[in-house]
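Student: Sharing a structure here in structure tokens format.
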Amino acid sequence: MAVSSLTRFTVPLGGNQSATTQGLLMPKLKFRYRVTFEKFGVSNPKTEMTKQVMSFARPQVTFDPVEIPVYNSRVYIAGRPTWNAVATTLRDDAGGNVSRLVGEQLQKQYDFMEQASASSGIDYKFVTTIEMLDGANGTVEPTVLEAWQLYGCFLTDVNYNDLDYGSNDPVTITMSIRYDNAIQTTGAGVGSPGLTQFNTAAITG
């Protein structure tokens, strides 16, 4: 049958890895996702934020290299990891729900009227959950393909963006979120204890 040719739509692996019918793996799609914010701002419900998310960046981690000079050469080992800030863009709804929540979160971090700062991070930090979905909706419950939880979040940059008589685009708010740690909560991945394989029997660089 002609449909069997679709099993050839992939990269031939070669050697013992190649199969007669390989097929292409279904990719995750960028537009099938949802983002939820816990302990963000003061008002409820927070679902108004979830409905107005236009884009959200997945986590990015960077390890600082540690240089160890040895005789005629150098060796590098992984230093402390840094989770880089993520950016998100939200539609600013006509009811003012999103701008109100963003303003409340900013006010939790710093009282702009009284010029007073929060005494500790627990007073204003929130948790962000990013879930990549399979596309189901309505009566069919969507399956979460991948989920991240960002802990210790706070806003480092908020841009209420511009207004323009010549544009038909919605008004947006862009936020930069800094966080302390990120964990994958579906399947094995970042933060999975089963993947930790530190071997102290032979400690070398």
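Read-outs: derived from the displayed coordinates by stated rules, not from any lab. Not measured: the values here are computed from a predicted model. Note that each Cβ is placed from the backbone with ideal geometry, even for glycine, and that neighbours are counted across all protein chains shown.
Student: Do you know the relative contact order of the range 27-188, to the nearest whole percent, from alpha carbon pairs under 8 angstrom that are 6+ apart?
Tutor: 25 percent
Student: Return the calculated 222 nm mean residue ellipticity for the chain, to the nearest 500 deg cm²/dmol, obtained by summing -39500 (n - 2.57) across DSSP H runs with n ≥ 4 and dividing by the residue count.
Tutor: -2500 deg cm²/dmol
Student: Separate question: Restricting to DSSP loop positions (anything but H, G, I, E, B) with no more than 10 other Cβ atoms inside 10 Å of their own Cβ, which chymotrypsin sites (Phe, Trp or Tyr not before Pro) remain in the range 83-192?
Tutor: Counting only loop positions with at most 10 other Cβ atoms within 10 Å, the chymotrypsin sites (Phe, Trp or Tyr not before Pro) in the range 83-192 are 112, 165.
Student: Over the range 36-98, what is the relative contact order in whole percent, taking alpha-carbon pairs under 8 Å and six or more residues apart?
Tutor: 36 percent
Student: Average the reciprocal distances over every distinct pair of alpha-carbons in the chain, invert the result, and give the Kirkwood radius in Å.
Tutor: So the Kirkwood estimate lands at 21.1 Å.
Student: Would you order 8, 74 from fewest to most other beta-carbon atoms within 10 Å of each residue's own beta-carbon? Walk me through the numbers before you get to the answer.
Tutor: Numbers: 8 12, 74 9.
Ordered by Cβ neighbours within 10 Å, fewest first: 74, 8.
Student: For the range 121-170, what is the relative contact order in percent, using Cα pairs closer than 8 Å and at least 6 residues apart in sequence?
Tutor: For the range 121-170, the relative contact order is 36 percent.
Student: Taking the Cβ of residue 136 as the center, what net charge do the other residues with Cβ under 13 Å away carry, scoring Lys and Arg +1 and Asp and Glu -1?
Tutor: After counting each charged neighbour, the total is -1.
Student: Using a 10 angstrom cutoff on alpha carbons, build the Gaussian network for the chain and name the most mobile of 159, 97, 84.
Tutor: Fluctuation is largest for 159.
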